[in-house]
Amino acid sequence: MTILRPITSLTESSKLLFFSYDCKTNRFTYVNPAFESFFGRSSDNLDLAFLFEKVHYEDRQYVKEKLLDCLNGQVVHSLECRIVLNEKKYWFRIEPHLVRDDDNQLLVGHAEDISLYKEHDENLNRHNDKKNAILGIMSHDLAGPIGLITNITVLLNREVDPDNVKVKKFLSIIDRASRECLHLIRDFLDTEFLETAEIRLLKRRADVVQLVQRMIEEYAGMQVELNRSISFECNRKTIYADIDEAKLPQVINNLISNALKFTRADDRITISLDESDTTIYITIADTGIGIPKEYHATLFDKFSPARRRGLGGESSTGLGMHIIKTIIEWHGGTITFESEEGQGTTFYIQLPK
């Protein structure tokens with residue numbers, strides 16, 4: 001089996017790393033100049049053992065499984081892994097394809113260095129996590145006090161002498177301004193949540209531990225202002241899975257935001273992360289007021305009757321939990337919960353690796 005000359009001409013000048021591996025003879029029949037330049041070896045003195053040594057040890061099993069899937073006839077797209085060369089780490093996206101001809105079968109494809117894209121995505125995700133945390137705090141620490149101002153204004157208005165026109169006028173201005181602020185905040189939060197929910201998944205291989213840690217840091221840095229204890233528990237350094245790095249934080253952020261709404265001063269919010277061979281487990285628990293039992297069956301429904309105002313007066317569209325469940329299901333996962341009034345709530349998320 002040979003590679004056509006026009007295709008060879010194209011690969012010779014490409015920055016992508018092209019390869020062809022004969023599964024019967026267990027040797028590389030072709031690598032292009034970019035491949036040789038990166039690894040410092042030609043096809044004549046190149047073998048799989050050498051390449052697997054360069055794959056980051058945490059990614060080796062994943063790469064082996066995906067290549068076996070390809071050899072078994074499955075379509076494998078965007079196999080992402082880290083390559084360590086000369087003590088420097090690179091991210092590569094590999095597109096392998098199985099080509100059969102008579103008794104021969106070749107594993108052909110190309111690999112692309114996506115290190116810069118990964119760095120760019122990481123920066124975007126870091127900013128996105130900060131934005132999500134600010135939105136969560138805005139819905140709790142800003143909307144709550146403004147709602148309190150509105151309520152106190154109503155009470156003061158009842159106590160003031162009806163003939164005191166000047167004070168009545170000032171109270172009317174405060175009431176109108178605070179209600180406008182609340183309306184703007186809630187419109188902004190609802191629009192932001194609904195618009196981001198409309199964007200479909202873009203799944204990539206990513207470290208879930210790092211992603212969750214980055215989110216928690218934004219909240220943990222404001223524990224004093226929030227008057228809540230927020231902690232993260234995980235006994236793994238890394239957990240890799242194919243996830244949408246924008247959507248999954250949206251789920252976790254909104255569950256934390258909900259926990260903030262329904263917890264009191266000095267309550268605790270704990271986020272836990274673990275894994276098995278095939279599944280990632282995320283747990284978000286709080287010691288708040290809990291969910292009334294009559295709302296359990298409809299909690300994830302669209303425009304659920306379970307929607308309640310937060311302890312600080314925060315409003316709800318009734319869509320939040322439905323969108324969270326939708327995003328988890330888009331990932332092929334499940335979300336369940338346990339809750340008892342006065343004892344808090346725990347959400348359990350399971351995601352396939």
**OP:** Could you check, for segment 227-236, whether at least one of its residues is closer than 25 Å to Arg82 by Cα, open to solvent by less than 50 Å² (accessible area, probe 1.4 Å) and outside any loop (DSSP other than H, G, I, E, B)?
**Re:** no
Original post:
Which members of segment 260-290 meet the condition of being open to solvent by less than 10 Å² (accessible area, probe 1.4 Å) and over 18 Å from the mean Cα position of the chain (by Cα)?
Top reply: Leu260, Thr263, Ile269, Gly288, Gly290
Subject >> Residue tally, condition surrounded by fewer than 17 Cβ atoms within 10 Å (Cβ to Cβ), at pLDDT below 90 and among the polar types (S, T, N, Q), over segment 2-25 >> reply: 5
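Counting only residues that are touching a residue at least 12 places away in the same chain (Cβ under 8 Å) and under 38 Å from the mean Cα position of the chain (by Cα), how many does segment 29-51 have?
First, the residues of segment 29-51 that are touching a residue at least 12 places away in the same chain (Cβ under 8 Å): 29-35, 38-39, 43, 46-48, 51.
Of the ones still in play, those that are also under 38 Å from the mean Cα position of the chain (by Cα) are 31-35, 38-39, 46-48, 51.
Residues meeting the conditions: 11.
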**OP:** Sort out which residues of segment 312-332 are modelled with pLDDT of 85 or more, buried (at least 20 other Cβ atoms within 10 Å of the Cβ) and either part of a loop (DSSP other than H, G, I, E, B) or of a type in the set (S, T, N, Q) (or both), and write them in order of number.
**Re:** His331
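Are any residues in segment 78-96 closer than 18 Å to Leu67 by Cβ and under 26 Å from the mean Cα position of the chain (by Cα), and if so, which ones?
Just the residues of segment 78-96 that are closer than 18 Å to Leu67 by Cβ, to begin with: 78-83, 91-96.
Those that are closer than 18 Å to Leu67 by Cβ and under 26 Å from the mean Cα position of the chain (by Cα): Ser78, Leu79, Glu80, Cys81, Arg82, Ile83, Trp91, Phe92, Arg93, Ile94, Glu95.
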Original post:
If we scan segment 266-275, do we find a residue that is part of a loop (DSSP other than H, G, I, E, B), of a type outside the set (Lys, Arg) and more than 30 Å from Phe92 (Cβ to Cβ)?
Top reply: yes
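Can you go through Ile114, Ile152, Ile146 and tell me which one is among the hydrophobic types (A, V, I, L, M, F, W, C), at pLDDT 65 or above and open to solvent by 50 Å² or more (accessible area, probe 1.4 Å)? Steps first, answer last, please.
Numbers: Ile114 fails: open to solvent by 50 Å² or more (accessible area, probe 1.4 Å); Ile146 fails: open to solvent by 50 Å² or more (accessible area, probe 1.4 Å).
Being among the hydrophobic types (A, V, I, L, M, F, W, C), at pLDDT 65 or above and open to solvent by 50 Å² or more (accessible area, probe 1.4 Å) holds for just one of Ile114, Ile152, Ile146, which is Ile152.
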**OP:** Go through Val84, Val31, Val75, Val63 for me and flag whichever is in contact with a His (Cβ under 8 Å, 6 or more places away or on another chain) and among the β-branched types (Val, Ile, Thr).
**Re:** Val84
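Scanning segment 128-143 for residues that are among the polar types (S, T, N, Q) and open to solvent by less than 30 Å² (accessible area, probe 1.4 Å), which turns out modelled with the highest pLDDT? Quick ask: steps written out before the conclusion?
Within segment 128-143, the first condition is being among the polar types (S, T, N, Q), and the residues that meet it are 128, 132, 139.
Filter once more, keeping what is open to solvent by less than 30 Å² (accessible area, probe 1.4 Å): 132, 139.
Numbers: Asn132: 63, Ser139: 59.
Within segment 128-143, the match that is modelled with the highest pLDDT is Asn132.
Could you grab me the full set of residues in segment 155-194 that are among the hydroxyl-bearing types (Ser, Thr, Tyr) and at pLDDT below 75?
Step one: filter segment 155-194 for residues among the hydroxyl-bearing types (Ser, Thr, Tyr), giving 172, 178, 191.
Scanning segment 155-194 gives a single hit, Thr191.
Pick from segment 211-269 the residues that are among the aromatic types (Phe, Trp, Tyr) and out of contact with any Lys or Arg (no Cβ under 7 Å at 6 or more places or on another chain): which of them is nearest to Leu124 (Cα to Cα)? I'd like the intermediate steps shown before the answer.
Within segment 211-269, the first condition is being among the aromatic types (Phe, Trp, Tyr), and the residues that meet it are 219, 232, 240, 262.
Subset that is out of contact with any Lys or Arg (no Cβ under 7 Å at 6 or more places or on another chain): 219, 232, 262.
Details: Tyr219: 18, Phe232: 22, Phe262: 30 Å.
Of everything passing the filter in segment 211-269, Tyr219 is nearest to Leu124 (Cα to Cα).
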Original post:
What's the number of the condition Val76 fails, among (1) surrounded by 14 or more Cβ atoms within 10 Å (Cβ to Cβ); (2) modelled with pLDDT of 90 or more; (3) hydrophobic (A, V, I, L, M, F, W, C)?
Top reply: (2)
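How about segment 79-88: which of its residues are acidic (Asp, Glu) and open to solvent by 30 Å² or more (accessible area, probe 1.4 Å)?
In the first step, residues of segment 79-88 are kept if they are acidic (Asp, Glu); the result is 80, 87.
The answer is Glu87, and nothing else.
Here's the yes/no breakdown for (1) within 17 Å of Lys118 (Cβ to Cβ); (2) open to solvent by 50 Å² or more (accessible area, probe 1.4 Å):
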{"residue": "Ser43", "(1), (2)": "no, no"}
{"residue": "Leu46", "(1), (2)": "no, no"}
{"residue": "Tyr57", "(1), (2)": "no, yes"}
{"residue": "Val63", "(1), (2)": "yes, no"}
{"residue": "Tyr90", "(1), (2)": "yes, no"}
{"residue": "Asp101", "(1), (2)": "no, yes"}
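The values are calculated or read from the model by the stated rules, or taken from the named source; none is laboratory data. For clarity, every value in this text was computed on a predicted model and none was experimentally measured. Reconstructed Cβ throughout: ideal geometry from the backbone, glycine too, with neighbour counts over all protein chains shown. We work out accessible area using only protein heavy atoms, side chains counted, and drop any ligands, DNA or RNA first. Shrake-Rupley method; radii C 1.70, N 1.55, O 1.52, S 1.80 Å.
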